[in-house]
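Read the structure below first, then the notes.
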Amino acid sequence: MYKNLLAEMARHNISRKQIAELIGGSYNHVREKIKGKYEFEYGEAVKIQETFFPDLDLKYLFDR
């Protein structure tokens with residue numbers, strides 16, 4: 001599970017739907033990735049970080 005990503009999403013009011021739209025995936029697939037069932041691809045992680053959390057470290061956000 002990506003606890004830091006979830007915490008920052010809550011702090012910044014970012015929804016799973018917004019993440020899904022950004023990376024071109026479905027809501028359910030993003031939900032499963034956040035739970036840790038699947039990993040985010042590097043490009044997806046960078047896109048999420050640069051778009052929604054530019055002041056936060058990529059490694060921090062996607063630490064498991």
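The values are calculated or read from the model by the stated rules, or taken from the named source; none is laboratory data. What you see is a predicted model; the values in this text were computed from it and never measured. Cβ placement follows ideal geometry from the backbone for every residue including glycine, while neighbour counts extend to all protein chains displayed. Keep in mind that these areas ignore ligands, DNA and RNA; they rest on the heavy atoms of the full protein, side chains included. Shrake-Rupley method; radii C 1.70, N 1.55, O 1.52, S 1.80 Å.
Pull up region 16-64, narrow it to residues that are of a type in the set (A, V, I, L, M) and free of Cβ contacts under 8 Å to residues at least 24 places away in the same chain, then point me to the one that is nearest to Met1 (Cα to Cα).
Val30
Sort out for me the helices (runs of 4 or more DSSP H) sitting completely within region 23-64 that have 3 or more residues that are open to solvent by less than 50 Å² (accessible area, probe 1.4 Å), under 15 Å from His12 (Cβ atoms) and at pLDDT 95 or above.
It comes to 42-52.
May I ask you to list the residues in region 1-20 that are closer than 14 Å to Gly36 by Cα and either in a loop (DSSP other than H, G, I, E, B) or touching a Cys at 6+ places or on another chain (Cβ under 8 Å) (or both)?
Met1, Tyr2
In region 4-14, how many residues are touching a Phe, Trp or Tyr at 6+ places or on another chain (Cβ under 9 Å) and open to solvent by less than 50 Å² (accessible area, probe 1.4 Å)?
5
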